[in-house]
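Colleague: Sharing a structure below in structure tokens format, with a few things to ask.
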Amino acid sequence: MAEISKQAKPVVVLGAGPGGLAAAKALLDEGLTPLVLEASEDIGGQWNTTASHSGIWPGMATNTSKATTVFSDLAHTEETPMFPSALQIGAYLHRYADTFGLNECVRTGVHVELIERQHGNGFRVHYQDRNGQTIVEASAVVVASGRYNKPNTPQQIEGLDSFSGRGGVIHAFDYPGSAAFAGQRVLTLGNNISGLEIASDLAAEPSIEVFSGCRKPRYIIKKFHEGIPADWRFFNRAAMFIAHTLPPEAAAAGLREQILSLHGSPNDFGAPRPSDNLMEAGLSQCQDYLEWCSVGRIQTCGIPTKVSAGEVTFGDGRVESIDAIITGTGYDLNLPFLSEELRLTLNADNTDLDLYNYTFNPSVERLAFIGQFQLVGPYFPVLELQARWIAMVFAGQRSLVEPSQMAEQVHQFREMRKLGAPLLYHEVAVEVAIAAGLEPDIEDFPELTAGLVFGPIIPAQFRLSGHGSHAKAREQLDAALAVVGQTATPKVDVEQLGLLQMLSQQPDCAPKVATALAVLSPEH
């Protein structure tokens, strides 16, 4: 018989990774009592590299800059490089927990088995730890258990299960680093970020012959170019204005031209040519992949049509002897602890849940989710925004919209997902910030308008106004921008003004474009 905890009903948080820690801090800020249940023996989530649920490989660094891979209320140390290592992010999360007294809220070595709704109010959370099975009654639940811990292995390649190369078939989640493949011929599958980065990591070892296979060539941007990180250059409110004003095809064409001018096309480097339609081709990121292709260290190919013992056959008839196959083919949603009733209500499948602004379900009160989506761009600021919003709602500081409005937004999200549209950092961050009342209004900060519109979206911006704002936000904003020699009050140039003027003349102009133009125009 499982023991039932008699303590006052806490808010149970599943996971002590970045999302769970941000949730614990936000709940404490609102005077609530978080109980964080972590399966491993330490905090950090994916950034706890010793945990079984971590897919971090040796030497791995972030693909987003330190100015965005951070929370608003604790900066990285000065010596932290622009793209921190996994170990440095793990250390940052420990410092975050120490700074805000979060360790007292965390129980490690806890395996949650079931979350079920109680009739009347709250939830029951069944878990097992060193002392056996326990049931805790929760006033609310926040699921922050991570999105990238259940590898999806391709099923459509004939004979893949029979591959007999000495390196075997592994998922990118289990990649042990290049040293394990010395002297081998390795095929990587998939051209999302992990697939490209693993191929590049292997290519840096001269004894390894690298083949990179993908179903559809994508455009590839570098994470750092001409002194500017990609998450500063591409993820801003101006990009959101464009996407919300121009037809999708026109917005995609403009982005493609920007990418070509900065990074060129993959076929310029000997890789396959993507479709001229960026929406069809898609986008990925890696610093060195195309350079490795250009010198022949990475040989590009399609997806195999057949695998037989140690030989791999491709669509063009090419046959290669391969020692190891590494699949960078994504992850399934992994929420096995949800009761069947909750799973059906949330319409959970292998990819998505029915959530309003990625966080709440209209039919389940006091249950919230953090980070259960696949995002292009930095996660930390969005996780923190979700955490602050959830804490405000649970503490009665902010109300949600009517369930019918929430359901309509959920429907729109599902329709966009059918089209294959990716979730982009700047879109998601601003959507969540608006819903939480944390998006800074450019009318209130005219001197910051240029930076807010054309500069990077960094966490300190969401401390300028709204619940939880503070006087140090401006100072933190200046410090974050100074990392690459920028300021919170940059001068707007002619090209940027021209963009706003063009958008303002469109029939479906995005909100705030006219305001930004009025503030930034020379006549103002």
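The values are calculated or read from the model by the stated rules, or taken from the named source; none is laboratory data. Everything numeric here is computed off the predicted structure, so don't read it as measured data. Methodologically, a virtual Cβ is constructed for each residue, glycine included, from the backbone with ideal geometry; neighbour enumeration extends over all protein chains shown. Ligands, DNA and RNA are stripped out before the accessible areas are found, and what is left, the full protein with its side chains, is counted by its heavy atoms. Shrake-Rupley method; radii C 1.70, N 1.55, O 1.52, S 1.80 Å.
Colleague: I'm trying to understand the selection: among the residues of region 143-171, which are in contact with a helix residue (DSSP H, G or I) (Cβ under 7 Å, 6 or more places away or on another chain) and part of a strand (DSSP E or B)?
Modeller: Within region 143-171, 151, 169 qualify.
Colleague: So, in region 390-406, of the ones that are without any contact (Cβ under 8 Å) to a residue 60 or more places away in the chain and outside any loop (DSSP other than H, G, I, E, B), which residue ends up nearest to residue 143 (Cα to Cα)?
Modeller: 393
Colleague: Among the numbered criteria (1) more than 28 Å from residue 67 (Cα to Cα); (2) surrounded by fewer than 20 Cβ atoms within 10 Å (Cβ to Cβ); (3) out of contact with any helix residue (DSSP H, G or I) (no Cβ under 8 Å at 6 or more places or on another chain), which single criterion is violated by residue 323?
Modeller: Among (1) more than 28 Å from residue 67 (Cα to Cα); (2) surrounded by fewer than 20 Cβ atoms within 10 Å (Cβ to Cβ); (3) out of contact with any helix residue (DSSP H, G or I) (no Cβ under 8 Å at 6 or more places or on another chain), residue 323 violates only (3).
Colleague: Could you please give the count of residues in region 312-346 that are over 17 Å from residue 374 (Cβ atoms) and not in a helix (DSSP H, G or I)?
Modeller: 19
Colleague: Is there a residue being more than 30 Å from residue 400 (Cα to Cα), in contact (Cβ under 8 Å) with a residue 40 or more places away in the chain and within 23 Å of the chain's Cα centre (by Cα) anywhere in region 487-494?
Modeller: no
Colleague: Next question, about the same structure. Could you run through region 384-399 and say how many residues are closer than 17 Å to residue 462 by Cα and either buried (at least 24 other Cβ atoms within 10 Å of the Cβ) or among the aromatic types (Phe, Trp, Tyr) (or both)?
Modeller: 8
Colleague: Only one of these is surrounded by fewer than 20 Cβ atoms within 10 Å (Cβ to Cβ), touching a residue at least 40 places away in the same chain (Cβ under 8 Å) and out of contact with any Lys or Arg (no Cβ under 6 Å at 6 or more places or on another chain): 124, 166. Name it.
Modeller: After applying the criteria, what remains is 166.
Colleague: Still on this model: Those residues that are within 25 Å of residue 465 (Cβ to Cβ) and exposed (fewer than 15 other Cβ atoms within 10 Å of the Cβ), I need them from region 403-433; list them, please.
Modeller: 405, the sole residue that qualifies.
Colleague: In region 501-521, which residue that is buried (at least 17 other Cβ atoms within 10 Å of the Cβ) and among the hydrophobic types (A, V, I, L, M, F, W, C) is modelled with the lowest pLDDT?
Modeller: My answer is 510.
Colleague: Out of region 108-124, which residues are touching a Leu at 6+ places or on another chain (Cβ under 9 Å) and within 20 Å of residue 367 (Cβ to Cβ)?
Modeller: Once the filter is applied, which keeps residues that are touching a Leu at 6+ places or on another chain (Cβ under 9 Å) and within 20 Å of residue 367 (Cβ to Cβ), region 108-124 yields 110, 111, 112, 114, 115, 116, 117, 123, 124.
Colleague: Here's a follow-up. Starting from region 145-156, take each residue that is over 24 Å from residue 303 (Cα atoms) and of a type in the set (Ser, Thr, Tyr) and list its partners that are modelled with pLDDT of 85 or more and open to solvent by 40 Å² or more (accessible area, probe 1.4 Å), counting only C-beta distances under 8 angstrom and pairs at least six apart or across chains.
Modeller: Correct list of pairs: 145/334.
Colleague: Separate question: If we keep just the residues of region 217-243 that are over 25 Å from residue 504 (Cα atoms) and aromatic (Phe, Trp, Tyr), which is least open to solvent (accessible area, probe 1.4 Å)?
Modeller: 219
Colleague: Of everything in region 244-259, what is in contact (Cβ under 8 Å) with a residue 40 or more places away in the chain and open to solvent by 50 Å² or more (accessible area, probe 1.4 Å)? Give them in sequence order.
Modeller: If the condition is that a residue be in contact (Cβ under 8 Å) with a residue 40 or more places away in the chain and open to solvent by 50 Å² or more (accessible area, probe 1.4 Å), then 244 is the only one that fits.
Colleague: Collect the residues in region 70-89 that are within 17 Å of the chain's Cα centre (by Cα) and either of a type in the set (Lys, Arg) or more than 22 Å from residue 28 (Cα to Cα) (or both), keeping them in residue-number order.
Modeller: Passing the criteria: 83, 84, 85, 86, 89.
Colleague: Are there any helices (runs of 4 or more DSSP H) wholly within region 468-524 with 1 or more residues that are under 18 Å from residue 439 (Cα atoms), and if so which?
Modeller: Because the criterion is at least 1 residues that are under 18 Å from residue 439 (Cα atoms), the helices (runs of 4 or more DSSP H) in region 468-524 that meet it are 473-481, 513-520.
Colleague: Report yes if some residue within region 17-32 is over 24 Å from residue 468 (Cβ atoms) and touching a residue at least 60 places away in the same chain (Cβ under 8 Å); otherwise report no.
Modeller: Within region 17-32, not a single residue is over 24 Å from residue 468 (Cβ atoms) and touching a residue at least 60 places away in the same chain (Cβ under 8 Å).
Colleague: Cβ-Cβ distance below 6 Å, separation of 6 or more or different chains: which pairs start in region 288-311 with a residue that is open to solvent by 50 Å² or more (accessible area, probe 1.4 Å) and end on one that is assigned to a helix (DSSP H, G or I)?
Modeller: Listed pairs, sorted by first residue: 288/200; 292/200; 292/203; 294/269; 297/203.
Colleague: Which members of region 503-515 meet the condition of being more than 12 Å from residue 251 (Cβ to Cβ) and of a type in the set (A, V, I, L, M)?
Modeller: 513, 514
Colleague: Please work out if residue 137 is surrounded by fewer than 16 Cβ atoms within 10 Å (Cβ to Cβ), over 13 Å from residue 15 (Cβ atoms) and in contact (Cβ under 8 Å) with a residue 24 or more places away in the chain.
Modeller: For residue 137, the condition - surrounded by fewer than 16 Cβ atoms within 10 Å (Cβ to Cβ), over 13 Å from residue 15 (Cβ atoms) and in contact (Cβ under 8 Å) with a residue 24 or more places away in the chain - is not met.
Colleague: Just to verify a result, which residue in region 34-79, among those that are over 26 Å from residue 331 (Cα atoms) and in contact (Cβ under 8 Å) with a residue 60 or more places away in the chain, is most open to solvent (accessible area, probe 1.4 Å)?
Modeller: 75
Colleague: Can I ask one more? Answer yes or no as to whether residue 338 is at pLDDT below 95 and under 22 Å from residue 112 (Cα atoms).
Modeller: Judged against the criteria, residue 338 is not a match.
Colleague: Tell me, yes or no, whether region 38-53 has at least one residue that is within 25 Å of residue 463 (Cβ to Cβ) and of a type in the set (A, V, I, L, M, F, W, C).
Modeller: Yes - at least one qualifying residue is present in region 38-53.
Colleague: Another question, if that's okay. Go through region 172-198 and give me each residue that's in a helix (DSSP H, G or I) and open to solvent by less than 20 Å² (accessible area, probe 1.4 Å).
Modeller: Result: 172, 181, 195, 196, 198.
Colleague: Of everything in region 293-311, what is under 26 Å from residue 268 (Cα atoms), in a strand (DSSP E or B) and not hydroxyl-bearing (Ser, Thr, Tyr)? Give them in sequence order.
Modeller: 298, 299, 301, 304
Colleague: Can you name every residue in region 362-389 that is aliphatic (A, V, I, L, M), touching a Gly at 6+ places or on another chain (Cβ under 9 Å) and not in a helix (DSSP H, G or I)?
Modeller: Within region 362-389, just 370 meets the criteria.
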